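In what follows, a single structure is set out as structure tokens and then discussed.
The values are calculated or read from the model by the stated rules, or taken from the named source; none is laboratory data. Please read all numbers here as calculations on a predicted model, not as lab measurements. Cβ placement follows ideal geometry from the backbone for every residue including glycine, while neighbour counts extend to all protein chains displayed. To get the accessible areas, we keep the full protein, side chains included, count just its heavy atoms, and leave off ligands, DNA and RNA. Shrake-Rupley method; radii C 1.70, N 1.55, O 1.52, S 1.80 Å.
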Amino acid sequence: MKLYKDTTLDITACAVLLVDDILDTGRSLSLARDLVRAKGPIWLRTCVLLDKPSRRVVPIKGDYVGFEIPDVWVVGYGLDARDEGRALPYVAALEPEG
């Protein structure tokens, strides 16, 4: 995983809520959490709209989780499949192809 841009904010001694759309394998959120934690916040929590625990390869849990979902591809609220579905005002599961 490669980081392209890091925050320039001084978050030392700040309370930080790290928000993500979906917690899938855990790689991205774990990397982000570790990078933020290294900057010395006094409080750090994670919040995700959707959690797919069956796909986890990195041991991490969201502190605040909107919904736990099965291993399905979802679109809506900014999530897309091949650039489709991102603007849906709800989250929908796609039917498997085949």
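A few comments on the model shown:
- Looking at the chain, the accessible area is 71 square angstrom per residue; that uses a 1.4 Å probe and ignores ligands, DNA and RNA.
- Between residue 55 and residue 15, the FRET efficiency from the beta-carbon distance, with R0 = 41 Å, is close to 0.90.
- Of (i) 14.8; (ii) 15.9; (iii) 13.9, the label for Kirkwood radius over Cα pairs in Å derived from the coordinates: (i)
- Remark: spin-label model distance residue 1-residue 81 equals 2.4 nm, labels positioned 7 Å along the Cα→Cβ axis.
- Taking the accessible area of the chain, probe 1.4 Å, and keeping the other protein chains in place, the carbon and sulfur fraction comes to 56%.
- Compared with the dominant principal axis of the Cα atoms in the chain, helix 27-37 is inclined by about 20°.
- Computed FRET value (nearest 0.05) for residue 68 with residue 93, which takes r as the C-beta separation and R₀ as 22 Å: 0.95
- Helix content alone sets the calculated 222 nm mean residue ellipticity of the chain: runs of n ≥ 4 DSSP H residues at -39500 (n - 2.57) each, divided across all residues, give -3500 deg cm²/dmol.
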